[in-house]
Each structure stands twice: as C-alpha cells, then as structure tokens.
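Presented below is the structure to which this report refers.
The values are calculated or read from the model by the stated rules, or taken from the named source; none is laboratory data. None of the values given here were measured: they were computed from a predicted structure. Cβ: placed from backbone, ideal geometry, glycine included. Neighbour counts: every protein chain shown.
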Amino acid sequence: MEEDFVPTVRRLMREQRYFLAYLLDGGVKAVAGIRTGEWLHSGRYLEVEEFVTTHASRSLGYGARFFDWVLRYAAEHECSQVRLVSAVSRGDAHRFYVRQGMSHDAHYFAMDVPRDRTG
C-alpha cells in the first residue's frame with residue numbers, strides 16, 4: 001500500500017483534479033485530500049476526501065487552522081460549499097467538524113461492487 005501512495009496521488013491529480021494539501025510547522029501537522037466538483041442542484045463545491053491531523057498535533061489548534069485554510073481555498077475557487085465524508089465510527093472527528101461550523105446534511109451510502117455482477 002505505501003509503495004502505491006505517491007503513484008496513486010499523482011494519478012488522482014492528473015485524472016480527477018485531486019490535490020494533497022498539508023500544513024507545515026516544524027514538520028507536517030495536518031494533511032487533506034481535496035478536489036472541486038459541481039452538482040446541478042447546488043453548484044460548485046470543494047470535497048474534502050481526507051482530513052488528518054497527526055496524533056501528536058491534535059488539540060493544539062492545527063486542525064482548526066488547517067480547516068480555515070480549506071475554507072479560504074474553497075472561496076478562492078468559487079465554491080459555494082465544502083463537503084466532507086467521514087466514517088461513521090469517527091465520533092471525535094465529527095465533533096471537530098461540527099465545532100468548525102459544518103452540519104450533517106446528508107447520509108452517504110456505500111456498498112462494495114460484487115465481482116460476479118457483470119450483467
């Protein structure tokens with residue numbers, strides 16, 4: 001998996017307008033995978049696909065500082081909304097997102113595609 005990380009990020013950047021952003025302060029403190037998209041019903045948005053703060057950097061303000069940067073980036077790219085998907089089990093992360101002003105707007109459904117469904 002680790003050996004696939006850089007080639008995967010480069011492919012996503014090339015094919016899907018994905019960017020990997022990070023906050024540096026004497027080392028990497030937080031990382032976010034972001035891309036812009038657009039929906040017919042609500043316009044242009046910034047999708048945050050990964051938002052991770054290093055364990056040692058949690059509760060020190062780095063996450064909030066980085067989230068503020070994400071909002072500025074979205075505004076600079078004419079996005080009307082920031083969207084973020086987070087696993088159901090990530091309660092601490094959910095509380096952080098709510099503290100940043102996010103609301104729980106939708107349910108995100110997922111399922112693995114069965115390999116025998118070719119038809």
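Would segment 48-67 turn up any residue that is over 19 Å from L23 (Cβ atoms) and under 14 Å from the mean Cα position of the chain (by Cα)?
no
Every residue, every condition in (1) among the basic types (K, R); (2) closer than 22 Å to L23 by Cβ; (3) modelled with pLDDT of 95 or more, yes or no:
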{"residue": "R72", "(1), (2), (3)": "yes, yes, yes"}
{"residue": "A75", "(1), (2), (3)": "no, yes, yes"}
{"residue": "E78", "(1), (2), (3)": "no, no, yes"}
{"residue": "S89", "(1), (2), (3)": "no, no, no"}
{"residue": "H107", "(1), (2), (3)": "no, no, no"}
{"residue": "G119", "(1), (2), (3)": "no, no, no"}
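Would you confirm whether or not segment 49-59 contains a residue that is closer than 24 Å to R95 by Cβ, in contact with a Lys or Arg (Cβ under 7 Å, 6 or more places away or on another chain) and not in a strand (DSSP E or B)?
Scanning segment 49-59 turns up at least one residue that is closer than 24 Å to R95 by Cβ, in contact with a Lys or Arg (Cβ under 7 Å, 6 or more places away or on another chain) and not in a strand (DSSP E or B).
Sort through F96, F19 and tell me the only one that's assigned to a helix (DSSP H, G or I) and not polar (S, T, N, Q).
Values: F19 fails: assigned to a helix (DSSP H, G or I).
Just one listed residue meets the conditions, F96.
Determine whether segment 91-114 contains at least one residue that is farther than 24 Å from V31 by Cβ, free of Cβ contacts under 8 Å to residues at least 60 places away in the same chain and touching a Phe, Trp or Tyr at 6+ places or on another chain (Cβ under 7 Å).
no
Return the only residue of Y45, Y62, Y97 being surrounded by 15 or more Cβ atoms within 10 Å (Cβ to Cβ) and under 21 Å from L12 (Cα atoms). So that I can check it myself, show each step before the final result.
On the way: Y62 fails: under 21 Å from L12 (Cα atoms); Y97 fails: under 21 Å from L12 (Cα atoms).
Criteria check complete, one pass: Y45.
Within segment 26-42, which residues are more than 14 Å from V82 (Cβ to Cβ) and either polar (S, T, N, Q) or surrounded by fewer than 12 Cβ atoms within 10 Å (Cβ to Cβ) (or both)?
G26, G27, L40, H41
Based on what the data block shows, is A75 without any contact (Cβ under 8 Å) to a residue 40 or more places away in the chain and under 27 Å from R14 (Cβ atoms)?
yes
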